[in-house]
Amino acid sequence: MVIKGISGKATQIDSDALLVGTFQGEHSLCGVTADIDEVLGGAISQRIDRGEFEGKDGEVSIVHTLGKLPVRIVAIAGLGERAKFGVDKIRVAAGSASRDLRKLHCTRIAMALVGIGGIDSEASVEAMVQGAILGLYDFVRYKKPESPGVEEILVVDTEDKQSARLDQGISQGKIVAEATNLARDMVNEPSNFMTPTRMADVAKGIAESQSIAVDILGPGDMEKMGMGALLGVARGSTEDPRLIVLSYRGDPDSKGSIGFVGKGVTFDSGGISIKPSKDMHEMKGDMAGAAAVLAAIGAISQLELKVNVTVIVPAAENLPGGTALKPGDILRAMNGKTIEVLNTDAEGRLILADALSYAVTQGISPLIDLATLTGACYVALGNVYSGAFTNDQPFLDRVLKGAADAGERLWPMPMPEEYRTQIKSDIADIKNIGGRYGGAITAALFLKEFVGDVPWVHIDIAGKELSKENSGYLVKGATGVGVRTLVQLGMSLAK
Ligand code: BES
Ligand code: ZN
Ligand code: ZN
């Protein structure tokens, strides 16, 4: 798909369709939308006056131009109330409208939302491009697409003022959205394809195309380093585990590096503590944290950000094979701590224990991990907000700011020391499950045991990795959650 900036009058744009926006509850149109409405003899304003179109978030109305304009179709996207407008509304509008237009066999789409609602032109262009690329995402490796693909997106700058900044917005939006779609591809791939070994191959691919160093550790290396927890989880499967380490040095003058750690359970059956079969297939998405960190480092490198980033992905499959980990087993993690495994389905924290210990021994700081870690976090925050836990408030504040700027929803969660007793074990240093309540918190407290004094943020993305429906720029299936936040964090550290 080609994405180009173009300046000129919206009424003269040559494309299959033109996208314009309107705010909810506003009867008098302005700017590009008013110009188009005039040429169409009031077709847009009449719809609004008659109440056929309200302008709600994500609402899209189609007008056939019947020769009155060079474009065949004008799509009017609702932007919600002006008072509640923000850059994410542009993403939503571009995402849902481009999907509707593709269904109508438009292969060329022009979008006239630059600077809408007073948003900075570069930011609006970036959001528009992201919305279109994310909204048009389709996972077609195993079936034919239903409509012809969109070949061209034109970003229309009617003011014709800042083409260099617009090009910058287009290229940034493209890099971040394509990285998000790469993460989506990895998550959508079934586990019979996306094994730990294949994930390592994808990581090598990301590293080869960029200036990123790669190191892949197998079971032998893990044995030598004492990664008993990661090896323990992998034991129930014939697929070998991998520890994937990527390192991008965008700031060679600095010795330090931030660490992105991602949970890479390529399939979580629960192991011997097996999960119910209903919805078990969704556990192919239990490597969404890994997918996000891998895609993010690729984007950060493409953007040539002046920052050092190390990605660490523990990858394993959690199956109940004959040699599987059993409830009651005790494992020793790389930092020497012993763990009593009382539920083999709490495997994410086990593999992360070794990945975080490894990061600490490598001197990587600060650390941020992304993990589809607990059903409890899904219950607490639903399918939009991810939960954030930390041992370092200033670092969390920075991450929260990154998420807000990137348009991803993140909510701070408490980590009270009182709950620590829940993971005390009678016969080991710690056990891998707490009591019935506060499961997202006890999981975070478990991880905290493996980060030492390093500033760390843990993001529980469980339930956010898959979308049940097409909505805005989300498409049914993998969401690519976390990629935008991580890239934004990289940008803020590079400044
Ligand atoms: N991968 C799951 C968590 C999960 C649940 C991710 C729903 C996405 C959607 C994790 O490994 C798990 O099974 N956690 C258990 C922990 C429990 C046994 C303490 C859970 O949340 O039930
Ligand atoms: Zn599990
Ligand atoms: Zn899991």
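General observations
- Sum of side-chain charges, Phe395 neighbourhood, beta-carbon under 13 Å (Lys, Arg +1; Asp, Glu -1): -2
- Counted charge near Arg198, where neighbours are those whose Cβ lies closer than 10 Å (Asp, Glu -1; Lys, Arg +1): -2
- An ellipsoid equivalent to region 2-159, defined through the eigenvalues of its Cα gyration tensor, has semi-axes of 22, 17, 16 Å when rounded to whole angstrom and sorted largest first.
- Of the GluC sites (Glu not before Pro) in region 134-229, those whose Cβ has at most 14 other Cβ within 10 Å and which sit in DSSP loop: Glu146, Glu151, Glu159
- Sorting 484-494, 100-110 by average packing, meaning the other beta carbons within 10 Å per residue, from highest down gives 484-494, 100-110.
- Rounded to the nearest 10 degrees, the inclination of helix 288-302 to the longest alpha-carbon principal axis of the chain is 60 degrees.
- Remark: region 332-385 carries a charge dipole of roughly 120 debye about the Cα centre, counting +1 on each Lys and Arg Cβ and -1 on each Asp and Glu Cβ.
- Spatially close Lys pairs in region 2-159, defined by Cα atoms under 19 Å apart and a spacing of eight or more places or different chains, total 5.
- Straight-line cross-link partners of Lys431 among the lysines, defined as a Cα under 23 Å from its Cα and at least 8 positions apart when in the same chain: Lys263, Lys275, Lys326, Lys337, Lys448.
- Folded to 0 to 90 degrees: helix 196-208 orientation relative to the chain principal axis, Cα: 60
- Cα centroid of region 245-284 to Cα centroid of region 148-214, whole Å: 19
- The local environment of Glu178, defined by Cβ-Cβ distances under 11 Å, has a net charge of +1 under the rule Lys, Arg +1 and Asp, Glu -1.
- Region 33-85 and region 376-416 have Cα centres spaced 37 Å apart.
- Computed over protein heavy atoms with a 1.4 Å probe, the carbon and sulfur contribution to the accessible area of the chain reaches 50%.
- Take region 2-159 with all the other protein chains still there, run a 1.4 Å probe, and you get 43 Å² of accessible area per residue.
- Under 13 Å from Lys224, Cα to Cα: aspartates and glutamates that are on another chain or at least 8 residues apart: Asp354
- Shape category assigned to region 180-494 from the gyration tensor of Cα positions, a/c cut at 1.5: rounded
- Percent RCO, i.e. relative contact order, over region 2-159, from Cα pairs under 8 Å lying at least 6 residues apart: 32
- Cα shape, region 356-495, gyration tensor, a/c 1.5 rule: oblate
- Relative contact order (percent, whole number), the chain, Cα cutoff 8 Å, 6+ residue spacing: 15
- In loop segments of region 131-165 as defined by DSSP, the chymotrypsin sites (Phe, Trp or Tyr not before Pro) with at most 12 further C-beta atoms inside 10 Å of their C-beta are Tyr142.
- Highest-first packing order for the peptide set 12-25, 35-48 is 12-25, 35-48, based on the mean count of other beta carbon atoms within 10 Å.
- When DSSP beta bridges are restricted to pairs lying wholly in the chain, around 40% turn out antiparallel.
- Prolate/oblate/rounded call for region 142-299, Cα gyration tensor, a/c under 1.5 rounded: oblate
- For region 364-443: accessible area per residue (Å², 1.4 Å): 48
- Over region 234-306, the hull volume per residue, using the convex hull of the C-alpha atoms, is 108 Å³.
- Computed from Cα atoms, the angle from the helix 483-494 axis to the main principal axis of the chain rounds to 90 degrees.
The values are calculated or read from the model by the stated rules, or taken from the named source; none is laboratory data. Only a predicted model underlies this, so the values are computations on that prediction, with no experimental measurement involved. Here the Cβ is made from the backbone with ideal geometry for all residues, glycine too, and neighbour counts use every protein chain on show. Surface accessibility is based on the protein's heavy atoms, side chains included, excluding ligands, DNA and RNA. Shrake-Rupley method; radii C 1.70, N 1.55, O 1.52, S 1.80 Å.
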